[in-house]
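Below is one structure, written out as structure tokens, with a few remarks after it.
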Amino acid sequence: MTYDQHKENPISPWLPRNSSMINQTGKWALKQPKIDKKKCTVCLKCWIFCPDSAIKFENSSISVDTLYCKGCGVCEVECPVNAIRMVEIE
Ligand code: SF4
Ligand code: SF4
């Protein structure tokens with residue numbers, strides 16, 4: 001998939017979400033990613049690597065769909081500029 005195709009697709013490339021569509025894996029999460037928009041370069045690595053397609057890419061910006069984010073922390077590890085920090089859900 002090219003970057004232009006990424007731009008036109010607000011949901012992660014790993015479609016369909018398969019089991020995540022049914023399970024709403026966000027209910028499992030103990031932590032969720034907090035994104036520092038000032039640091040984010042919109043490289044889309046988090047969007048590509050999220051195993052649950054929980055990162056959304058819309059209007060040239062990314063956000064997290066908390067209904068499907070299971071809190072695994074893959075996005076935090078993959079972010080090359082440390083713009084993502086996993087925080088406890090209160
Ligand atoms: S914590 Fe895991 S499930 Fe949630 S957005 Fe990051 S990679 Fe996706
Ligand atoms: S990996 Fe980091 S810099 Fe890249 S889009 Fe995600 S939060 Fe932004």
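Listed values, structure above:
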read-out: Separation of the Thr66 and Ile48 label points, Cα + 7 Å toward Cβ, nm; value: 2.9 nm
read-out: Gain on full stretching of the segment that runs from Arg85 to Asn23 - 0.36 nm per residue minus C-alpha separation; value: 19.9 nm
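All of the numbers you see were taken from the coordinates with simple rules; none came from a lab. Keep in mind that this is a model prediction, so the values were computed, not measured. Don't worry about glycine lacking a Cβ; one is built from the backbone with ideal geometry, like all the others, and counts go over all protein chains shown.
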